[in-house]
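Just so you know, all these numbers are worked out from the coordinates, no wet-lab data involved. Given the structure is predicted, the values throughout are model-derived calculations rather than measurements. Positions of Cβ are generated from backbone atoms using ideal geometry, with glycine treated the same way; all protein chains shown enter the neighbour counts.
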Amino acid sequence: MRTYLVTGGAGFIGSNYIHYMFEKYGEQIRIINVDALTYAGNLENLKDIEDRSNYTFVKADICDKEAINRIFTENEIDRVVHFAAESHVDRSIREPEVFIRTNVLGTAVLLNCAKAAWEKEDGSYKEDKRFLHVSTDEVYGSLDEDGGYFYETTPYAPHSPYSASKAGSDMLVKSYMDTYHFPANITNCSNNYGPFQFPEKLIPLIINNALSGKKLPVYGDGRNVRDWLYVMDHAKAIDMVMEKGRLFETYNIGGHNEKQNIEIIHMIIETLQEMLPDSDPRKAKVTKELITFVEDRKGHDRRYAIAPDKIKAEIGWEPETMFKEGIRKTIQWFFEHEEWMKHVTSGDYQKYYREMYRED
Ligand code: NAD
Ligand code: TYD
């Protein structure tokens, strides 16, 4: 039985990945989820699997060497899937240091602990050990509106403290592969959406605000482009890279689904109008009048777009969920999880939201 150490498994993508893995492998794997439970980590995301005998949660900070080392010495870890990070660009602009700490230092601690546990005396590694570092397409910087894609060979040119800290963590993983022959892969993925996404990111924020009759804030002219991927397609890609990817390689993962932010917002409004029954009082409030153009994000990257050619050619992965289907599934999930939304939008998140958008 293979043991996976998942970092940041209580967050958005990590919790979807854990669900995907148990669905696919059932009792054949064991998962240890280490998460510090920051504002973005929510154990409610894993309620349905918390009692499984092949699942363990460890509350720890990935920067805490002792705690991470303990996990490696007490367990024979075969796979590390490293999601834990500070992940929101706007927060990184307000508070860069926490991003550098978790994303760079935390990755270094994790690499060191895995290396110490897996390296043999002759410098080679125990058999079948693998570390997968989950990263973002934002490390490549920004594309022109009228063309071009990010490839694995595109030079790094991060702009925000978030993307710079992720670029730093990628470079560390690369250096461990080059220097120590450390058995790793890096994946750089485009924007994800789906269940359990914290409503500070565009899609869940717009769904939540529209349902509450609140303004829908659009940064700048609303024409910035992102390449959206349904989160379960990302989970599947990570598993496939782990199983079929060539060691030491980077794989870009993307949705072939470029959309301007304003298009996304219009699609969400239209889909909500289609899905809400006439008897629902929220239906009348979900209108385009809620769209409000606000001050642009500082250093706002114009366009991201991935060409996922390498992962398709080498591994056979392709995005499966069309945006229209994915957004319906996501909205349906939010309809069915009103309590989840109430819980995450209380307390700290509310305070952050008021500061960010300067409103009550
Ligand atoms: P998220 O913010 O929803 O979750 C991050 C998780 O990491 C949370 O559970 C949090 O508690 C945990 N965490 C934060 N700091 C920690 C620390 N010091 N020690 C231990 N745990 C800590 O993020 P997400 O959107 O699920 O992203 C997961 C990963 O995927 C990140 O590395 C991110 O850079 C990458 N990524 C995200 C996207 C996206 O669209 N969301 C796209 C590409 C790549
Ligand atoms: P976000 O979900 O924060 O992801 P990222 O910045 O990592 O791509 O933002 C997606 C896009 O939506 C980005 O261009 C910024 C924009 N945006 C808004 O226009 N309004 C908002 O309230 C938010 C959160 C984002």
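Details
- Estimated FRET transfer efficiency (E314, Y219; beta-carbon r; R0 45 Å; 0.05): 0.80
- Computed lengthening from H181 to D296, 0.36 nm per intervening residue step minus Cα-Cα distance: 37.1 nm
- Pairs of lysine residues in the stretch 52-169 that meet both criteria, 8 or more places apart or on different chains and Cα atoms under 22 Å apart, total 10.
- Gyration tensor verdict on the stretch 8-144 (Cα atoms; rounded if a/c is under 1.5, prolate if a/b is larger than b/c, oblate otherwise): oblate
- Amide H partners (placed H, <5 Å) of Y125, local residues excluded: K120
- Here's the list of lysines a cross-link from K259 could span, going by alpha-carbon distance under 17 Å and ignoring same-chain residues fewer than 8 apart: K201, K324.
- Amide N proximity, the stretch 36-50 versus V98 label position 7 Å along Cα-to-Cβ, cut-off under 11 Å: 38-41
- Bridging of K310 to lysines at a Cα separation below 19 Å is possible for K174, K236, K244, once same-chain residues fewer than 8 apart are set aside.
- Here the calculated FRET efficiency for K174 and E355, from their Cβ-Cβ distance with R0 = 51 Å, stands at 0.90, rounded to the nearest 0.05.
- The chain: relative contact order as a whole-number percent, Cα under 8 Å and 6+ apart: 17
- Note on the stretch 23-96: percent of Cα-Cα distances in each 5 Å bin, starting at 0 and stopping at the bin with the largest distance, equals 3, 12, 22, 23, 19, 12, 6, 3, 0.
- Relative packing of peptides 98-109, 79-90, 61-72, 115-126 - highest average C-beta neighbours within 10 Å first: 79-90, 98-109, 61-72, 115-126
- Quotient of C-alpha Rg and 2.2 N^0.38 Å, computed over the chain: 0.97
- Amide H contacts under 5 Å for R303, placed H, 5+ residues apart: L143, V225
- Distance (nanometres) between label positions extended 7 Å along Cα→Cβ at T3 and T56: 0.6
- Interchain or long-range residues, amide H under 5 Å from A184's placed H: F131, F248
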